[in-house]
């Protein structure tokens, strides 16, 4: 059985948990606190980041985007109609463009700030960067999330799913990142109904269940967080 | 003929120029100043970043990592022994791990700071974020580059090329990023001879020639920048 080294509120880990669940894979989960820079973890991923998928063979695959490519290459064909990276060239470009949008751009502008400042810093000691949240970073993220939500609404007004006619990695990456922000109550859902409808649709999928059950110790989620008809 | 929208000192654009040259492709080059957010450019890449490869068919492929995957899928098999993404699963994971290392991590910790502060800000107006360089950002980048150089030295003490036995995307991405930092004189080459030898080897390849001829208006490169035996 494969093992996934993850952190429950790391959005990249959440993305891979969704992907694995959609593919019907149930790896054993091993929780990392990446900021502790555990030696054995740095050996399997020198970058020290979650997630890392370790196959039974011992092969370690680090990083959300890399795991997504790896899973498509090793299991994609077996999924046929449920494949999360489409087959045609132009559709693959579009999925990867949006995957990168959420894993890199949305992360740099929104999730990275909010999750670090509001969640991770609670558990880091001061040497690792712990301490009170930087309100400027939080304010920047809350401003930035609005145009991303509008962009999702724009895409969803023209398409069935974020990258086209089918559910793909792009939907799962976007939803994984938004789920972290939503736990913190920082998604202004009332500003875009189309984006909200799409998120409700992804959130209702069975793959989302275990994510919605995770809790930050000492910090309750926003009221509507686990509500499927929010 | 394909067109590459690029910016001469954008390290991601440089990476794709090296890749295209290694593949024997000669696209027409179209210079963008991404901070100007040109409308026609935002249509082909809503993220507003360089590079974007536009095929003669009109298909726009935005983003260095996405272009690399696209080129491997559409031209990789024709390259046989000179393919830049290897064929076996474990080797592909390693190339993608290191590609991500340089395109995302090295960029966030080194190149992004230096190129923005020292080059791009000279040409941005104040509304776009222009102005004098932030010396804290430059200092952080100069500290960070040292452990990256050491990591390259570590890898090269065990391997023929960065990701294994062959030249891959990982070498070209690392060299593209380092070339920007080297123009600015901010690579402490004397701290790692193994890393320097590897860079001299990549820099001597024909693909590097046109990159080394580019100049920032009003700003000469470091003395050894274009010297192949530095």
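The values are calculated or read from the model by the stated rules, or taken from the named source; none is laboratory data. Keep in mind that what you see is a predicted model, and the values were worked out from it rather than measured. Methodologically, a virtual Cβ is constructed for each residue, glycine included, from the backbone with ideal geometry; neighbour enumeration extends over all protein chains shown.
Can you tell me which residue among B:146, B:158, B:92 is within 12 Å of another protein chain (Cβ to nearest Cβ) and either surrounded by 22 or more Cβ atoms within 10 Å (Cβ to Cβ) or at pLDDT 95 or above (or both)?
Just one listed residue meets the conditions, B:92.
For the stretch A:38-61, which positions are surrounded by 20 or more Cβ atoms within 10 Å (Cβ to Cβ) and within 9 Å of chain B (Cβ to nearest Cβ)?
A:45, A:49, A:61
Among the residues of the stretch A:95-106, count how many are closer than 12 Å to residue A:171 by Cβ and more than 9 Å from chain B (Cβ to nearest Cβ).
Residues meeting the conditions: 3.
Taking the criterion of being surrounded by fewer than 15 Cβ atoms within 10 Å (Cβ to Cβ) and modelled with pLDDT of 95 or more, would at least one residue in the stretch B:111-128 satisfy it?
No - not one qualifying residue is present in the stretch B:111-128.
Just a yes or no: is a residue in the stretch A:48-66 in the same structural domain as residue A:14 (by TED's automatic domain parsing), over 15 Å from the mean Cα position of the chain (by Cα), more than 22 Å from residue A:1 (Cα to Cα) and not in a helix (DSSP H, G or I)?
Scanning the stretch A:48-66, I find at least one residue that is in the same structural domain as residue A:14 (by TED's automatic domain parsing), over 15 Å from the mean Cα position of the chain (by Cα), more than 22 Å from residue A:1 (Cα to Cα) and not in a helix (DSSP H, G or I), so the answer is yes.
Only one of A:172, A:178, A:228 is in a loop (DSSP other than H, G, I, E, B) and either in contact with a strand residue (DSSP E or B) (Cβ under 9 Å, 6 or more places away or on another chain) or not assigned by TED's automatic domain parsing to the domain that holds residue A:50 (or both). Can you tell me which?
Going through A:172, A:178, A:228 in turn, the sole match is A:228.
Among the residues of the stretch B:73-95, write down those that are in contact (Cβ under 8 Å) with a residue 60 or more places away in the chain, closer than 22 Å to residue A:99 by Cα and assigned to a helix (DSSP H, G or I).
Scanning the stretch B:73-95 gives B:94, B:95.
Say whether the condition of being within 29 Å of residue A:90 (Cβ to Cβ) and surrounded by 24 or more Cβ atoms within 10 Å (Cβ to Cβ) is met by at least one residue in the stretch A:182-192.
no
Checking residue A:64 against (1) in contact with a strand residue (DSSP E or B) (Cβ under 6 Å, 6 or more places away or on another chain); (2) surrounded by 22 or more Cβ atoms within 10 Å (Cβ to Cβ), which single condition isn't satisfied?
(1)
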